[in-house]
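Have a look at the structure below before the remarks.
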Amino acid sequence: MNNVSRSNPPKKTILPVARPGYPFIAVAVFITAVFALLGLGTLTLLGLFVTLFIGYFFRDPERVIADLHQAVVSPADGKVISAGRWNDTEFFDGECNRISIFMSVFNVHVNRIPHEGKVNKICYVPGKFFSAYLDKASKKNEHNAIFLETTDGKKICVVQIAGLIARRIVCRIHENDHVVRGERFGMIRFGSRIDVYLPIETKLHVAVGDKVKAGASVLGYLR
């Protein structure tokens with residue numbers, strides 16, 4: 001049985017960098033070049049360090065996607081800070097399971113689709129910029145909710161949440177799009193969090209403290 005797949009063809013680039021990072025890298029390279037031409041050694045070294053860090057932050061490595069029946073894969077790299085039953089949320093009707101993943105500035109920030117299906121609705125809400133580690137961030141911070149429906153009618157909601165440093169949510173899919181498991185759909189710049197809301201009968205496969213990778217780690221199995 002084949003338990004892995006590739007949702008996107010490999011990128012034909014020398015450096016695997018996410019497109020939203022191009023402007024930031026270009027500006028950093030330009031400023032560093034100006035410092036170098038002016039003979040400002042210390043500032044040139046600092047500019048080079050900043051340029052390398054920005055490139056590192058926007059890295060977009062290829063992933064082998066977990067291709068298991070009814071598997072819900074992680075939409076983000078990071079650490080699981082919440083996993084279990086959840087009530088009283090605008091992101092899901094009735095009781096559900098919620099998994100929260102915190103992304104530090106050292107994680108890959110490219111977000112991926114957790115399960116194939118149709119995008120029923122996308123809802124962007126401006127808000128505050130509390131630390132993404134805090135539970136109140138899920139409601140009060142700037143966020144972008146993506147409501148998915150699988151081919152057999154299961155509902156999933158993925159919420160991109162801006163954090164204390166993150167100030168820009170990128171989402172490149174649209175309502176009525178048909179998406180596949182592990183497909184890249186966006187990112188959050190400079191530290192953030194993603195919440196995943198799943199049906200209550202979902203069998204969770206992660207616990208608080210686990211480290212997960214987008215597309216490769218299984219969060220749970222739909223039933």
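Annotations
- Residues of the range 199-223 that turn out to be among the charged types (D, E, K, R) and more than 26 Å from residue 59 (Cα to Cα), as a count: 3
- Meets criteria (in contact (Cβ under 8 Å) with a residue 60 or more places away in the chain and farther than 27 Å from residue 17 by Cβ) for residue 102: no
- With respect to being touching a Phe, Trp or Tyr at 6+ places or on another chain (Cβ under 7 Å) and free of Cβ contacts under 8 Å to residues at least 12 places away in the same chain, residue 37 falls outside the description.
- Where strands (runs of 3 or more DSSP E) fall entirely within the range 138-223, none has at least 3 residues that are assigned by TED's automatic domain parsing to the domain that holds residue 94, closer than 21 Å to residue 118 by Cβ and among the small types (Gly, Ala, Ser).
- Scanning the range 59-78 for residues that are assigned to a strand (DSSP E or B) and surrounded by fewer than 17 Cβ atoms within 10 Å (Cβ to Cβ) yields a total of 1.
- Scanning the range 54-77 for residues that are at pLDDT 85 or above and within 23 Å of residue 159 (Cβ to Cβ) turns up 60, 63, 65, 70, 71, 72, 73, 74, 75, 76, 77.
- Once the range 83-106 is narrowed to residues that are farther than 13 Å from residue 199 by Cβ and among the aromatic types (Phe, Trp, Tyr), the residue that is surrounded by the most Cβ atoms within 10 Å (Cβ to Cβ) is 102.
- Candidates 175, 142, 90: the one that is in contact with a strand residue (DSSP E or B) (Cβ under 9 Å, 6 or more places away or on another chain) and modelled with pLDDT of 95 or more is 175.
- Filter pass, residue 106 being in the same structural domain as residue 143 (by TED's automatic domain parsing) and either in contact with a Phe, Trp or Tyr (Cβ under 7 Å, 6 or more places away or on another chain) or among the acidic types (Asp, Glu) (or both): no
The values are calculated or read from the model by the stated rules, or taken from the named source; none is laboratory data. Since the structure is predicted, the reported quantities are computational estimates derived from the model, not experimental observations. Backbone-built Cβ (ideal geometry, glycine too); neighbour counts: all protein chains shown.
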